[in-house]
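Notes follow the structure.
Derivation of every value follows stated rules applied to the coordinates shown; laboratory data play no part. Since the model is a prediction, treat every value here as computed from it, not as a measurement. Don't worry about glycine lacking a Cβ; one is built from the backbone with ideal geometry, like all the others, and counts go over all protein chains shown.
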Amino acid sequence: KSAPSVLPSLLLCDFGDLKGELARLEDAGAEVLHLDVMDGNFVGNLTYGMPIVEGIRRHSDLPMDVHLMITDPLAYAKPMVDAGADLLTFHVEAVDDVAAVAAQIREMGVGVGVALNPETPLSAIEPCLDIVDLALVMSVKAGFGGQKFNPVALDKLRSLKQSHPKLLLEIDGGIDATTIGPAREAGCDLFVVGSAIFKKDDYKAAISVLDDAIAG
Ligand code: DX5
Ligand code: ZN
């Protein structure tokens, strides 16, 4: 998938009409879906697991970028792959050996991403950066949609872009028409968006405003 791209986050969507939401997102031009899996333990919020991921797979052919905000990512990695995940991103704060976890997910035949919260230093993910496909720089603390953008993410993106120019860079949290441009300038490729799409009635218009802001 060629970057840059806006990835709708299925956290604030209407789960009572998932099929309709998927159709609206595809019609709006979404090319990749971002799925927020939370366990009520690693973060203080609980969302969904394999049955929903599998249900989304049945109603959409779009690649699924699964953001695991869970205490034991390896315990659910294989079930998520079986449910149809194309890329699994785990949080460095949840694991002891970041390179070993990345390598084990890689062996499952999917893309691998590593995520870090705003308070976590880049040095924490350094040991796995040559193994992973993507680094997910959180611009809010993982757990909830609708939080305020933390610009510390921009410094991390710039630094990663410089040290690992081929790594895909993704940002998540508080991305809207104002923050997406600076994230692009900092070297980001993939922009996860919740509120700035799902709080709007017209997803196509919302995504095109974001695309325009990326283009500058
Ligand atoms: C937060 C999730 C995000 C969230 C983004 O923990 O990882 O994907 O849905 O939502 P907004 O765009 O509202 O910050
Ligand atoms: Zn996310």
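Observations
- Check: the chain dipole with +1 on Lys, Arg Cβ and -1 on Asp, Glu Cβ, in debye: 260
- Gain upon complete extension [ASP17, HIS59; 0.36 nm per residue less C-alpha separation]: 14.0 nm
- You can think of it this way: the chain between LYS166 and ASN45 has 40.2 nm of extra reach, that is 0.36 nm per residue less the Cα-Cα gap.
- Pairs beyond 29 Å (Cα-Cα), from LYS19/LYS156; LYS161/LYS199; LYS19/LYS200; LYS161/LYS200; LYS78/LYS204; LYS19/LYS161: LYS19/LYS156; LYS161/LYS199; LYS161/LYS200; LYS78/LYS204; LYS19/LYS161
- For the chain, calculated [θ]222 nm from helices alone, where every DSSP H run of n ≥ 4 adds -39500 (n - 2.57): -10000 deg cm²/dmol
- Reducing the range 68-89 and the range 126-167 to their Cα centroids gives an inter-centroid distance of 19 Å.
- Listed residues HIS59, GLY109, LEU168: farthest to the positive end of the dipole of the chain (Cβ charges): LEU168
- Global geometry of the range 45-171, whether rounded, prolate or oblate, following the gyration tensor of its Cα atoms and the 1.5 cut on a/c: prolate
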